[in-house]
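The values are calculated or read from the model by the stated rules, or taken from the named source; none is laboratory data. All values reported here derive from a predicted model rather than from experimental measurement. Positions of Cβ are backbone-derived with ideal geometry, glycine not excepted, and every protein chain shown enters the neighbour counts.
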Amino acid sequence: MEFKTVLFYVFAVILVIAAVRVITARNPVHAALFLVLSFFSAAGLWMLLKAEFLAIVLVLVYVGAVMVLFLFVVMMLDINLDKLREGFWGYFPLAATIGVIIVLEMAAVLLRSFWVSESQVPAASDTLGQTKPLGKLIFTEYVYAFEIAAVILLVAIVAAVALTLRKRKDSKYFDPAQAVKVKASDRVRLVSMPAESTRNAPATDAAVVADKPAAGQQS
């Protein structure tokens, strides 16, 4: 068995275990970390298939940006795990049906490759999956689709940040727009007061009280 085949089976086993832990972990932070591990394992499989661009995009975009955003949102939101799992078994039939359909679709695609003979398979190009030819296609023929996808991702990031900044009773909230408009005159006020002196001030109440018993004794 070749070393490349051994790496494929190792990455595949880690990917399957991590994917199962994503949906079985009780802690959402642990589930997100297992999803990061599954992304890294999938990137390793892409590298073995000589699809460097897909592997790099999977690591940079999903692990470096999307998953970090998910972790921040999960940690900032006040998630009640007991309430979150109340309707688990109610949604299980629908989720199982969708999962079976996805498995059948993937099986149909994969089994078709085994039925086709090697003579009917088109020859793979040496530049398939590399960064340079894909970059030329993205910034020439598919530049508008690429820009639209970038705008959609930006809107999703802004929406996620806006959700974390909403007003909550158990957290301190401030309006960023009001914070930007603050001026020094709104926070600090200088008051001019006349100077006072205690040299010619009248006697204190304590001195008056102390003099009263002495007056009573003289009488």
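In this entry, GLU52 passes the filter for residues that are touching a residue at least 40 places away in the same chain (Cβ under 8 Å) and surrounded by fewer than 18 Cβ atoms within 10 Å (Cβ to Cβ). Is at least one residue of the range 98-119 modelled with pLDDT of 75 or more and either touching a strand residue (DSSP E or B) at 6+ places or on another chain (Cβ under 6 Å) or surrounded by 11 or more Cβ atoms within 10 Å (Cβ to Cβ) (or both)? Yes, because at least one residue in the range 98-119 is modelled with pLDDT of 75 or more and either touching a strand residue (DSSP E or B) at 6+ places or on another chain (Cβ under 6 Å) or surrounded by 11 or more Cβ atoms within 10 Å (Cβ to Cβ) (or both).
Please determine whether any residue of the range 69-77 is of a type in the set (Phe, Trp, Tyr), surrounded by 13 or more Cβ atoms within 10 Å (Cβ to Cβ) and either more than 23 Å from the chain's Cα centre (by Cα) or at pLDDT below 85 (or both).
Within the range 69-77, the subset of a type in the set (Phe, Trp, Tyr) is 70, 72.
Filter again for surrounded by 13 or more Cβ atoms within 10 Å (Cβ to Cβ), leaving 70, 72.
Subset that is either more than 23 Å from the chain's Cα centre (by Cα) or at pLDDT below 85 (or both): 70, 72.
Looking through the range 69-77, at least one residue is of a type in the set (Phe, Trp, Tyr), surrounded by 13 or more Cβ atoms within 10 Å (Cβ to Cβ) and either more than 23 Å from the chain's Cα centre (by Cα) or at pLDDT below 85 (or both).
Restricting attention to the range 1-60, the residues being within 28 Å of VAL73 (Cβ to Cβ) and of a type in the set (Lys, Arg) number 2.
Report yes if LYS172 is farther than 30 Å from PHE53 by Cβ, loosely packed, with under 10 Cβ neighbours inside 10 Å, modelled with pLDDT of 65 or more and within 25 Å of the chain's Cα centre (by Cα), otherwise no. So that I can check it myself, show each step before the final result.
Values: farther than 30 Å from PHE53 by Cβ: yes; loosely packed, with under 10 Cβ neighbours inside 10 Å: yes; modelled with pLDDT of 65 or more: yes; within 25 Å of the chain's Cα centre (by Cα): yes.
In short, yes.
Each residue in the range 27-57 was checked for being within 22 Å of VAL68 (Cβ to Cβ) and not in a helix (DSSP H, G or I), and 1 of them qualify.
ALA162 fulfils the conditions (1) at pLDDT below 75; (2) among the hydrophobic types (A, V, I, L, M, F, W, C); (3) surrounded by fewer than 10 Cβ atoms within 10 Å (Cβ to Cβ) except for a single criterion, (1).
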